[in-house]
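All of the numbers you see were taken from the coordinates with simple rules; none came from a lab. Just so you know, these numbers come straight off a predicted model, no measurement behind them. Here the Cβ positions follow ideal geometry from the backbone for every residue, glycine too, while neighbour counts run over all protein chains shown.
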């Protein structure tokens, strides 16, 4: 799979993808492998990458997970994987390999997808009566 953030131009009967120069070679290789056959193209609205650093989505996720792990005496890594799996129903992205589901690493998600995980963390805490410490973001 090739994932590209590109400008899309539409005119009746035609769709043009303005590729960044770094994709010239990978797209040539992909096109050659197709040999004129069909390909699946999935389009979605672009969202910026999840935020990192102080007072970011990343900070929000890991801060809440740390608090939950401590208050509920759950291994932080186990909790993290559980929450990402639970967030799939909200739209958190995942891969499938040999019928096993693998939620994406946060390094691959955009700001919308990260918000699905944050929402799942908030629900998980509420269902267990844990009052999460929220900092003003």
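Computed from label points 7 Å out along Cα-Cβ, the spacing between residue 98 and residue 126 is 3.9 nm. Principal-axis analysis of the Cα atoms of the chain puts helix 76-86 at an angle of about 60° to the longest axis. When 61, 118 are arranged by Cβ crowding within 10 Å, least crowded first, meaning fewest neighbours, the order is 118, 61.
Using a Förster distance of 41 angstrom, determine the FRET efficiency expected from the C-beta separation of residue 18 and residue 107, and round it to 0.05. Computed FRET efficiency for residue 18 and residue 107 comes out at 0.95. Helix 111-127 axis versus longest C-alpha principal axis of the chain: approximately 30°, rounded to the nearest ten. Compared with the dominant principal axis of the Cα atoms in the chain, helix 57-72 is inclined by about 40°.
With R₀ fixed at 41 Å, the C-beta to C-beta distance from residue 77 to residue 11 puts the FRET efficiency at about 0.25.
Please say if region 57-127 is rounded, prolate or oblate, where rounded means a/c under 1.5 for a ≥ b ≥ c the square roots of the C-alpha gyration tensor eigenvalues, and otherwise the choice is prolate for a/b larger than b/c and oblate otherwise? Cα axes put region 57-127 in the prolate bin. Return the single residue from 83, 68, 15 with maximal mean-square fluctuation; model: Gaussian network over the chain, springs between Cα atoms under 10 Å. Largest GNM mean-square fluctuation: 15. Springs join every pair of Cα atoms under 10 Å in this Gaussian network model of the chain, and among 91, 66, 37 the largest mean-square fluctuation is at 37. The value of relative contact order for the chain, using C-alpha pairs under 8 Å at least six residues apart, is 23 percent. Which shape class, rounded, prolate or oblate, goes with region 1-46 when its Cα gyration tensor gives a ≥ b ≥ c as root eigenvalues, a/c under 1.5 marks rounded, and past that a/b bigger than b/c marks prolate? It comes out oblate by the Cα gyration axes.
If I model the chain as equal point scatterers sitting on the Cα atoms and use the Debye formula, what is log10 I(q)/I(0) at q = 0.09 Å⁻¹? Here log10 of I(q) over I(0) equals -0.40. GNM remark for the chain: springs join alpha carbons under 10 Å apart, and the peak mean-square fluctuation among 18, 98, 77 falls on 98.
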